[in-house]
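Just so it is clear, none of the values below were taken in a lab; they were calculated from the coordinates. A quick note: this is a predicted structure, and the numbers were derived from the prediction, not measured. Here Cβ is always computed from backbone atoms with ideal geometry, including for glycine, and neighbour counts include all displayed protein chains.
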Amino acid sequence: MTHRPPRWILIGFCATLLGCSAAAPGWRHDHGGLPGDGFLDVRSGYAVSPAWKSAPLPITGSSPVVGRLPDGREAVYVGTADARLVALDAADGGLLWQTAFGSGAGRSSIVSSPSVAPDGGVVVVVTTELPGGGLRSTLHKTDRSGERRWSFPFPDAGFSLGSPRALAFASNDLVLAVGLTERPQGLRSALLVIRDAGHEASLLDLKDMGECRADDAAAERVRRSWRLLSEPAGLAAVPVELRLGPSPSAMPNGPALLVAAIDSLCRAGVWEWDGRRLSIVWKLTHGGEPHSSPAILANRLVAFGRGDGRVLAYDAQTGVKMWEYDAGEPILSTPAASAEGVLYAVSLQHLHAVDAATGSAVPAAQRLKILGPTLASPAVTAECVYLPAREMLTVSHNFKVRSHNSDFTGNGLSSPAVGANGSVYVVAADGAVWKYKGSR
């Protein structure tokens, strides 16, 4: 029999993970907090009818994140396919501000989620397609009013389809990102640590993630994914062949920071940041299969989905494979974990409940047919699991209680965000952001 730690221990551990940032815990990054485990310990209600809907926006791959305004009110941030960072008032969905980015050299777009920095500013990746088809990305930071603070081009003429992670660690404000670079032998990937000095940014370290057999076909798949995601008109259907850019996740490990990262080519692993440099803890070759972003779970496992239908879990510190779960169809969205030790994974047509300690299906829940396909990741609160697909689905942790808001249709890519009061924010197919009120 598997004995799970009590719920309060897991919650306390999650709080410890988030404690390396000076900002209050919340849905500040792609898929939640720094560990990327898609969980926020708040009470929430079933997403039956929206409290408000924003005006439609050209949103494709970006998911909303939640930050705080100077007066303490919540704001919702999201990126658009025409390279705008948009801030919405969480109270009524009104437009607070929008900051346009771009380059005269070519078409620019924001295809990944922003990240809220410890000082409340917002960091976002803007990618531009240059004449000839090459891609270049730049990290930009604004303050909470949308005023630009700094811009930082990816080194070596690199680019990224993934989301950044902004955090405070060892007396520095940092940004973590995974970048790709085109070289004569093909694409290469690197993990970047960037210092946020307030009004400027500088590279602290860059570590090659390793050699990959990245041929011209692999490079073209990545470029095609960007072109699909950067189309302001949106996607008519969910292209399951998309190579979404995985985002890094992180957790403190004594005086150091463990960073889990996966590239779009063939590498996955964990690196350690000691405040000065990155060092490899372990890495593996994933063979070119498309992957989700990694989630670091409260039991110190790194879990991710894979295009062959597997969810895999590795010990964060040793790299030992602890278990794998076969969903029977591609899992390209990031798994989310509850405080009770259940991992929720979304394949193209099903929501799965997996024991995070053993990788076995949870008998009380197992799997639930959804109206898909979707590449969106689930969000988990103390009471509910949320998934925007062809409808807005809310289920209890054991799948026994469900609500289906069929007035909502998701875009198949954007994942939910959860506010501090349990409100849920999702992107509809027309690009409007919907808010469902929480329990308090």
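Observations on the model:
- Peptides ranked, highest mean first, by Cβ atoms within 10 Å: ranges 191-199, 254-262: 254-262, 191-199
- Residue exposure sequence - Phe159, Phe152 - by fewest surrounding Cβ within 10 Å: Phe152, Phe159
- Within the chain, helix-based [θ] at 222 nm, where runs of 4 or more DSSP H residues each add -39,500 (n - 2.57), nearest 500: -2000 deg cm²/dmol
- Under the shape rule built on the C-alpha gyration tensor, where the axes satisfy a ≥ b ≥ c, region 127-215 is oblate, since a/c reaches at least 1.5 while a/b does not exceed b/c.
- Under a 5 Å amide H cut-off, with hydrogens placed 1.01 Å from N, Val42 pairs with Ala382 among residues at least 5 apart or on other chains.
- Ala51-Ser151 FRET efficiency (beta carbon distance; Förster radius 51 Å; 0.05 resolution): 0.90
- Other-chain or far-sequence residues with amide H under 5 Å of Ser247's (modelled H): Ser163, Ser293
- Shape descriptor for region 344-393: Rg over Rh equals 0.96 (Cα atoms; Rh from the Kirkwood inverse mean 1/r).
- Asn411 long-range amide H proximity, modeled H, under 5 Å: Ala429
- Region 76-122: C-alpha gyration tensor shape, a/c 1.5 cut-off, then a/b vs b/c: prolate
- Mean separation of Cα contacts under 8 Å (6+ apart) over length of the chain, as relative contact order %: 17
- Ranked for footprinting exposure by Cβ neighbours inside 10 Å, fewest first, Trp27, Trp97, Trp52, Trp434 give Trp97, Trp52, Trp434, Trp27.
- Relative to one another, the C-alpha centroids of region 36-65 and region 288-348 are positioned 22 Å apart.
- Scaled radius of gyration (Cα, divided by 2.2 N^0.38 Å) that region 7-436 gives: 0.87
- Each part reduced to its alpha carbon centroid, region 374-426 and region 106-172 end up 27 Å apart.
- Each of Tyr344, Tyr436, Tyr325 was scored by other Cβ atoms within 10 Å of its Cβ. Listed from fewest to most, they are Tyr325, Tyr436, Tyr344.
- Global form of region 93-170, assessed from the alpha-carbon gyration tensor, a/c cut-off 1.5: oblate
- Modelled spin labels at Asp92 and Ser396, positioned 7 Å past Cα toward Cβ, are 3.7 nm from each other.
- Using the Karplus relation 6.51 cos²θ - 1.76 cosθ + 1.60 with θ = phi - 60°, the per-residue 3J(HN,Hα) values for region 157-169 come to 6, x, 8, 8, 9, x, 8, x, 10, 9, 7, 10, 7 Hz, with x marking Gly and Pro.
- Protection proxy ranking of 31-38, 137-144, 123-130, 274-281, by the mean of other Cβ atoms within 10 Å over each peptide's residues and highest first, is 31-38, 123-130, 137-144, 274-281.
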